[in-house]
Every structure is written in structure tokens, then in C-alpha cells.
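First the structure, in the form of C-alpha cells, and then the observations on it.
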Amino acid sequence: MESHVTLNSSSVPILRCRVNGCGGTGSSFVRQELSTQLSLTLAFLDRVKPRLAAAAISASLAGCAGFTPQDGPNAVSVNTNAAVTSAPSAQVPYAVVPINPEILRASNQVTDTPIGSFAKLPGGNYRDVRIGIGDVVAVTVFEAQPGGLFIPREASVRPGNFVDIPKQQVDQSGNINVPYAGSIKVSGITTRAAGNIIRDKLKDRAIDPQVVVSVAEQRGNQISVLGEVNAPLRFAADPGGIRLMGAIARAGGPKYPAYETKVTIKRNGRTYVQHMSAVVHRPNEDAPLGPGDVVYLSREPRVFMVLGATPSPGSIGGTNNRRFTFENDSMTLAEAVAKAGGLDGARADSRSVNVMRYEPKPLLEAAGIDASRFPTNVAPTAYTFDMSKADGFFYADSFKIRDHDLIVVSEAPSTEIIKFMTMLNSVTTNAVNIRDTVR
């Protein structure tokens, strides 16, 4: 689509004299002539301004390249040059919820709910460390009197009625070898149970044997603490047990603040995740660890975004005030907006400050909102705050922000009118400035 504005030569005055071609008339004549011609041109522009505006709009809609400066293809250009264009997607249903005390209380309750619970982890509660594959095991056999299977008859030959069997490592099958008892499976059982098995194997050949089994080196039943800790390590599980915080302390503690750290426990092929802050503030989240557990600390700062009618990016201390990280365990909406520089007094509609997030449907249903239109268990929700009134600030100072919340400050309706008038005013203002300059 193309649009043209036809200009007749009789209707547009032509500058009949150039600065370098006016002979000896003098510079004052040149300025007077330029001023006269420019005035006539401005008068003509006033007459044809509606047609020029229509032509500009038509050219923009047609995607005419170069009509206005741009740093990339506009929407018209992208859609026009596409080989295939799919049908528009259906509008995403969402709920708009004006804030009130009941909604505020219910939302904060969900915010304070931990993402998981280490208190209910299966396993971890153990009293005796079991022998694992790779452990180095020591076996000592006692006999009631000399002359038995292991103790010679001459009592003076050796002190004591016992013999130490050479240490050996538990093989991949979980077995060790004991003379006269054969291959004994010891992995997965306690040292006391292993001693009883060996004693039963020897009781018909030795004199009232007693067997003591001990783990000389634990290599299979270890706990690993990795990731963002100051001193990653592996250590043997203590017979008395150890809890998560104690294991992290052995690894030198976390590198980063608790509100930026997540803790992952890998146990029996499954992973469990919790915020470090929850482990610190809730004693029941300090889970007991078991042999073979892997604890991984990762730095995952929680963030929120602020868009809309707030100060421009970089205007607040030269920083990007659109995406922010949490600076403590929790943040309120008032703190978040303040960190973004507050509302822009020239553009913001203080009656429409919105927090957009996904909420569980039961929360909306408890607030009397029909959530049946939402196909999943969560519903896109926009909480609306009226900060033109004092109570809006009190609500904002109590409303807790979550990870990846989107805060949108709406623009006042007058803002679009001001933008349009500014664009129209710039056309004539520049021309007037040129005329005044050449006078």
C-alpha cells in the first residue's frame, strides 16, 4: 500500500534566491528573502497539515522503510515479510483481585509456605552405621582357651586368646573372606550383625568363639557436602548421626547469604529442595542425614521485576531499576516499589499498581472468586492496589513479594494524550525555530 500527497507548483512558493547566487544585494536582502519564503511555506503547511498527517500514518502502517528512525523492524514489517502466519492465540484468562485484608492474609500465608519440607524426608534416622561396599573391615576372633582353631596350645607362644585377621575391603558383591568361615556378606548390616554371622560359622570348629568386627576405614557410607560452601568435603557418617546444619558447618558454611541459597539433598535416587532461610528459621527443617546422602548448596537469588510508570532505567543511581534481587528473607510491595524509585509522578496512575503472579486456585476460591475457568491448578492473578489513598500504602507495606513477581504501575489516561500532543507540537515548533533563526 502506498500513499502520496500531490503538491502543485503554484501552491508552494519556491525559494528564488540562494545565498551564494544573489549578486550584490547583500546579506540583509538574503535573510529578508529567506524569512518571507519560509513564512509562506509555513502558511502552506498549515493548510496541508491534515493531509500530511494522514500520509504519515498511512506510510507507517504500510511499513514504508525510512519514514521514521527505528532500531529494528516494526510489527508491520515483521508480519508482512512472514512466510507463514498462524492464527492468533486465545486470550489468557486471569483474575483481577483488588486487595483487602482477607486477600492480603491469604496471599501472605501462601508466600510463607516453604517450597518443600526436609522434616518429612524418608530415612536419615539411624542408630548404627551399616557396613558399605568399599569399607575396610577389621575382624578379631577370640577363643575361650588355647588349643582351638586359631590359638596354639602353648599359651606362652602369644599373649591373649585372640587373633587379628588381616584387614580387607568389602568387594562389589558386599563380601569379605574369613578363614574357615568362607565368604561372608557384610554390606548393609551392622558390625555387630556381621560378627554374629562369623561366630556362627566358626562355632563348630573353634572353642567358644567370640568375634568383633569393626570398620577401619569408611569409604562407602559417606556424606558429601558440595556446591557453594567454603570447603566442600566428604566425611564418614557418625554412629550418633549428624544433621544438615552440622554437615554444612563441617564444610565451612555457605558462601552466600541464606536468602540467596537453596539446599538440595539427594537421597536414594531422589532430590529434595529447600531454601536455606527455612532451614535456619525452622528447627524441624534441620533434617538428619544418613550414609550416602549428598548435600548441594546453590546460589539462586530471588528476583522481582518492576515495569510501567516508574523512573526510567538508569535514572536511580545509574542502575537498572527494572529487575531486582531480594536483599533479605522477605520483601514487601512498598519496599519493592521504593527500590525501583517509586511512582513516576508525571505518568503513574496511583490507583492501579498491580502485582502479577500465579496463585493456587484454592486461594482464589476461599476469597469468593470463581476459579472454574482456569484449566490448571494455578490461576494468573493480578492484585490491584489503590495507592492514591493512605490505606493502599498500609496494604503495600504488608503484602509480601515472591520470587519472580511482576509489579506493573499503570500509566494515567492523560499520558497518552500528552504523548500525542507532544508529537504534533514538535512538527511546527521545529519549523518556527528555523524561521526565527534566519530572520
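The values are calculated or read from the model by the stated rules, or taken from the named source; none is laboratory data. Just so it is clear, the structure is predicted and the values come from calculations on it, not from any experiment. Backbone-built Cβ (ideal geometry, glycine too); neighbour counts: all protein chains shown.
Looking at the stretch 233-246, is at least one residue at pLDDT 90 or above, assigned to a helix (DSSP H, G or I), assigned by TED's automatic domain parsing to the domain that holds ARG267 and of a type in the set (A, V, I, L, M)?
Scanning the stretch 233-246 turns up at least one residue that is at pLDDT 90 or above, assigned to a helix (DSSP H, G or I), assigned by TED's automatic domain parsing to the domain that holds ARG267 and of a type in the set (A, V, I, L, M).
Output yes when any residue across the stretch 368-375 is surrounded by 14 or more Cβ atoms within 10 Å (Cβ to Cβ) and either under 23 Å from ARG323 (Cα atoms) or charged (D, E, K, R) (or both), and no when none is.
No, there is no match, as no residue in the stretch 368-375 is surrounded by 14 or more Cβ atoms within 10 Å (Cβ to Cβ) and either under 23 Å from ARG323 (Cα atoms) or charged (D, E, K, R) (or both).
Out of VAL409, VAL306, VAL355, report the one residue that is of a type outside the set (S, T, N, Q) and either out of contact with any Ser or Thr (no Cβ under 9 Å at 6 or more places or on another chain) or outside any strand (DSSP E or B) (or both). It would help to see each step written out before you state the result.
Working: VAL409 fails: either out of contact with any Ser or Thr (no Cβ under 9 Å at 6 or more places or on another chain) or outside any strand (DSSP E or B) (or both); VAL355 fails: either out of contact with any Ser or Thr (no Cβ under 9 Å at 6 or more places or on another chain) or outside any strand (DSSP E or B) (or both).
Result: VAL306 is the single residue among VAL409, VAL306, VAL355 that is of a type outside the set (S, T, N, Q) and either out of contact with any Ser or Thr (no Cβ under 9 Å at 6 or more places or on another chain) or outside any strand (DSSP E or B) (or both).
If only one of ALA278, ALA338 is surrounded by fewer than 19 Cβ atoms within 10 Å (Cβ to Cβ), modelled with pLDDT under 95 and either out of contact with any Gly (no Cβ under 7 Å at 6 or more places or on another chain) or not in a loop (DSSP other than H, G, I, E, B) (or both), which one is it?
One residue alone meets the criteria, ALA338.
For the stretch 249-268, indicate whether the set of residues that are outside any loop (DSSP other than H, G, I, E, B), without any contact (Cβ under 8 Å) to a residue 12 or more places away in the chain and either over 27 Å from the mean Cα position of the chain (by Cα) or loosely packed, with under 15 Cβ neighbours inside 10 Å (or both) is non-empty.
The answer is yes; a qualifying residue exists.
Restricting attention to the stretch 360-402, report how many residues are assigned to a loop (DSSP other than H, G, I, E, B) and either of a type in the set (A, V, I, L, M, F, W, C) or more than 25 Å from ASP349 (Cα to Cα) (or both).
Of the residues in that region, 14 qualify.
Only one residue in ALA75, ALA90, ALA56 is modelled with pLDDT under 85, out of contact with any strand residue (DSSP E or B) (no Cβ under 8 Å at 6 or more places or on another chain) and surrounded by 10 or more Cβ atoms within 10 Å (Cβ to Cβ), so which one is that?
ALA56
Mind checking which residues of the stretch 269-281 are without any contact (Cβ under 8 Å) to a residue 60 or more places away in the chain and among the hydrophobic types (A, V, I, L, M, F, W, C)?
Selection gives MET276, VAL280.
Out of the residues in the stretch 412-439 that are surrounded by fewer than 13 Cβ atoms within 10 Å (Cβ to Cβ) and not in a helix (DSSP H, G or I), which is modelled with the lowest pLDDT?
Ranking the candidates gives ARG439 first.
Look through the stretch 350-403, keep the residues that are of a type in the set (Ser, Thr, Tyr) and within 25 Å of the chain's Cα centre (by Cα), and return whichever of them is nearest to THR310 (Cα to Cα).
Among residues in the stretch 350-403 that are of a type in the set (Ser, Thr, Tyr) and within 25 Å of the chain's Cα centre (by Cα), the one nearest to THR310 (Cα to Cα) is THR384.
Give GLU365, GLU416 a once-over and let me know the one that is under 21 Å from THR113 (Cβ atoms) and without any contact (Cβ under 8 Å) to a residue 12 or more places away in the chain.
None of the others qualify; the one that does is GLU365.
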